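Let me begin by presenting the structure, written as structure tokens, before commenting on it.
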Amino acid sequence: MIARLMSRPGGWLIALLLAAAVFVAVNIGARGLSGARIDLTEDRLFTLTEGTEAMLAGLERPVSLTYYYSARLGEAAPAYATFATRVRDMLDGFAAASGGKITVQEVDPEPFSETEDLAVEAGIQPISLGTGGLDNVYFGLSAQVDLDDGGVGEGSVPLFQQDRGMFLEYDLAKLVTSLALGAKRKLGIITSVDLFGVGRSMGRSQAGPWAILDQLNELYEVAAISTPQQLRDQAPDLLLILHPSPLEDPMLYAIDQYLLGGGDAVLFLDPNFESAFVDQGMAPLGPVSIESNLAPILEKWGIKILPETVLADRGLGRLVNAGTASDVVPAPYVGWLDVQPENLNAADPITAQLNQLLIPTPGIIELADSSGVTAEPLILSSTDAAPMDREGFGQQPDIAALTESFVPDETAPFVIAARLSGQVETAFPEGPPEEEVVEEELPEEGAPPEETSAEETSSEETSVEETTAQELPPHLATSIEPLNVVLVADADMLVDRFWVQTRSLFGQTVRVPHSDNGAFLNNALDSLAGAEALIGLRGRGTGERPFSVIDDMQRQAEETYRAEERALRQRLEELQAMMSNPEENEAEAIEAAREELLDTRRRLREVNRALNADIETLETRLAVLNIGVMPILVALAGFAIGWRRRR
């Protein structure tokens, strides 16, 4: 048909007009597909989760979003232009899913303009492309919502960070959720660690509050609790108990009554808090102890965390350097558990979508047969695990020796974290213990007494009576609602170095998680509070995809060759010591030692090569497959399609 058309007079002109018409028609039709895309990523990173869509559809207050993006930033750094497009698409998706509750306005803050003034007032972080105000560009977001009391709630993303690209939907959803709620829920924290940054670093990347506290402050009204009266007065919506030092009976009783009264709590109790070795620091409840346990309360529930015991796991051992900085010897550390999805409860929203956790020297949770509590496991060890005495897991553990002495327990797997529910009884059946009363200071001798009117006296007496009533609430013998608690037999997992890296970019602190430890805590709190919309977003986690086949091969090679390597190194040291004292050894013995030394070094090199031979072979095959075979297959597919079309 085309050939006949081209053979006619004016055929080229007609063909050209038809092509133009088709071009215009295709472009007009494509407008209806604007924003349409196919998400082929494994975790659906570019598709709004069901939780986000449900949260957006249920918004009760309109939220106004202002997207500040300087086009000059994209011109100077094309990578930012690409990321800016992704942010724009995500914001459009939020607006579409909200049913009109969310409006998005995009502005380009020109230097010294009113728009730039608004961006600065909203807390958007300027980025300098050079020197002077003319070089400032912006890439952030401000949000506003009208509150019931007539006020305006405000929030912002000062600077969109490419390092947090995987958490874009979570950051936006968290911002919208916190504004839509109007008021933050109250979270009380009982701890003896330096969570709030009062003392020194305690193994963190820098001094200051723990990274997990920044996340908690974004969604909760956080307050430290250090006395029983504070717990009663503040009446928090949620309670976080993070590795407290041994607590006195009055504080234990206050916690007991809070939980029996329907309070929700997350407990991080650790039989071997190894971060205590790094820095004792300063904390609300005094020096940091190596062990924490709410034994009187847990035992009443029929729950026990094995004391002075560390859960060792050869199957989940994290590869670490068992040598020195100059002599790197990679080996699995049975005390640091690299927990994978198969060890997490896929049916519970707290752990269902987590990718990986790093849990250092955890404990073991045991449930008594007579317990009336239901303990649903959240985190389990592998079957290649066993309890070990915590003495071997000190400040400088002998990693190789721990691996060699490890013997798996037939009762594995063990429970590391669990969700507890059920009706429970008080751990204080005889009533509240006596609390120490702080007496008022007497006036100094010779000081005139203060005059007090009758009205003031009456007011003071009423205040004392009210305080006394608050201090002595009705005693609860049994829980008025089923228990709602998450118990974790570890606390080190929330220390910065075990889950997050802190960086500085354009004057802003950026925290990039390398494990989902922080997400686990946030999921637990949100789940207990009934706000599960954000759990799926945090579950997108770190985006880390370990080469499980290579990791398994590395672990098998370690088990096969590491013992031989250790014996050879020990013999090498003995021979070197023998040769360093020639006067004490005969010449023939020295010569024999020299020959054995050379042979030992040769065998050690062979062992080290054998450690990595299979892995290097697999990596070579993968490289050949990706670099050579795949392009050839694509080319052959192209030739086949072209040949078929010509036929």
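Long-range amide H contacts for VAL500: which residues qualify at under 5 Å (H placed 1.01 Å from N, peptide plane, sequence gap of 5 or more or a different chain)?
Counting only residues 5 or more places away or on other chains, the set is HIS514.
Once phi is turned into ³J(HN,Hα) by the Karplus curve 6.51 cos²θ - 1.76 cosθ + 1.60 with θ = phi - 60°, what whole-Hz value does each residue of the stretch 634-639 show in order, with x for glycine and proline?
5, 5, 4, 4, x, 4
Check which residues have an amide H placed less than 5 Å from LEU306's amide H, if you skip close sequence neighbours.
Long-range HN contacts for LEU306: ILE364, GLU366.
Mind putting a number on the dipole of the stretch 50-174 about its Cα centre? Charges go on the C-beta only, +1 for Lys and Arg and -1 for Asp and Glu, and I need it in Debye to the nearest 20.
On the way: 7 positive and 21 negative charges, 71 e Å.
The dipole magnitude comes to about 340 debye.
Using amide H atoms built 1.01 Å from N in the peptide plane, name the residues 5+ places from ILE102, or on other chains, whose amide H lies under 5 Å from its own.
HN-HN under 5 Å from ILE102: VAL63.
So if the hydrodynamic radius of the stretch 50-174 is defined as the Kirkwood radius over C-alpha pairs, what does Stokes-Einstein give as its diffusion coefficient at 25 °C and 0.890 mPa s, in µm² per second? Mind dumping the intermediate values first?
Details: Rh = 15.2 Å.
Result for D is 161 µm²/s.
Which of the lysines could a cross-linker span from LYS101 if the Cα-Cα distance has to be under 27 Å and same-chain partners fewer than 8 positions apart are dropped?
Excluding near neighbours in sequence, the set is LYS174, LYS184, LYS186.
Antiparallel as a % of all DSSP beta bridges within the stretch 50-174, to the nearest 5?
On the way: 16 of 22 bridges.
Expressed as a percentage, antiparallel bridges in the stretch 50-174 total about 75.
In the stretch 271-426, with Lys and Arg counted as +1 and Asp and Glu as -1 at Cβ, which of these residues, PRO387, PHE406, LEU420, has the Cα nearest the positive end of the dipole, that is, farthest along it?
The residue sitting most towards the positive pole is LEU420.
Mind checking the full-extension length gain between ASN626 and ALA21? Use 0.36 nm per residue of separation minus the Cα-Cα distance, one decimal, nm.
Working: separation 605, 0.36 × 605 = 217.80 nm, distance 4.21 nm.
Full extension from ASN626 to ALA21 adds 213.6 nm.
Compute the Rg/Rh shape ratio of the stretch 341-443: radius of gyration over Kirkwood radius, all on alpha-carbon atoms. Could you put the intermediate results ahead of the total?
Values: Rg = 20.5 Å, Rh = 17.7 Å.
Ratio of gyration radius to Kirkwood radius: 1.16.
Just so you know, all these numbers are worked out from the coordinates, no wet-lab data involved. Please read these numbers as outputs of a predicted model, since none were measured by experiment. Glycine also receives a Cβ, built like all others from the backbone with ideal geometry; neighbour counts cover every protein chain displayed.
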